[in-house]
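Heads up: the structure comes next, in structure tokens.
The values are calculated or read from the model by the stated rules, or taken from the named source; none is laboratory data. Remember, predicted model here, so these are calculated numbers, not experimental data. In this analysis, Cβ positions are derived from the backbone assuming ideal geometry, glycine residues included, and neighbour counts consider all displayed protein chains.
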Amino acid sequence: MPEVPVEDEEAKMSTITDGYFEEEYYISAEDAGEFLIELGEQFRDSDEITITGDDWEMPFAFGEPIELDIEFEGDGEPELEIEVELSGRVEDKVPNLE
């Protein structure tokens, strides 16, 4: 599973399955590449991913399609943003009420 690089591995893990969660990391290009490769392998192999951080893990079952946004700003300091947005998988089909 993709794991955000951390310094202290001894913290107790908590599982995030509801509520709101957001973290931002500043890591090396090499670490970002490894994270994205591991995440991509999970996308390829399953419709469930698990991401872990220093003291948390987040399992997530997703559906199709996956939204991929690529944004480039070239004025002043150039910036490239790549965003992947996943919708949660719906387990049960909605009944037809006709």
>> For the stretch 67-74, check the following and say yes or no: at least one residue is surrounded by 14 or more Cβ atoms within 10 Å (Cβ to Cβ), touching a residue at least 12 places away in the same chain (Cβ under 8 Å) and farther than 23 Å from Lys12 by Cα.
In response: no
> Residue check, Ile49 against (1) part of a strand (DSSP E or B); (2) more than 15 Å from Val4 (Cβ to Cβ), all met but one. Which one?
Replying inline: (2)
> Looking only at residues in the stretch 10-46 that are assigned to a loop (DSSP other than H, G, I, E, B) and in contact (Cβ under 8 Å) with a residue 24 or more places away in the chain, which one is surrounded by the most Cβ atoms within 10 Å (Cβ to Cβ)?
Replying inline: Ile16
> Where residues in the stretch 47-66 are under 17 Å from Leu86 (Cβ atoms) and of a type in the set (A, V, I, L, M, F, W, C), which of them is surrounded by the fewest Cβ atoms within 10 Å (Cβ to Cβ)?
Replying inline: Ile66
> Looking at the stretch 76-93, which of the residues that are more than 22 Å from Gly40 (Cβ to Cβ), modelled with pLDDT of 90 or more and among the charged types (D, E, K, R) is surrounded by the fewest Cβ atoms within 10 Å (Cβ to Cβ)?
Replying inline: Glu77
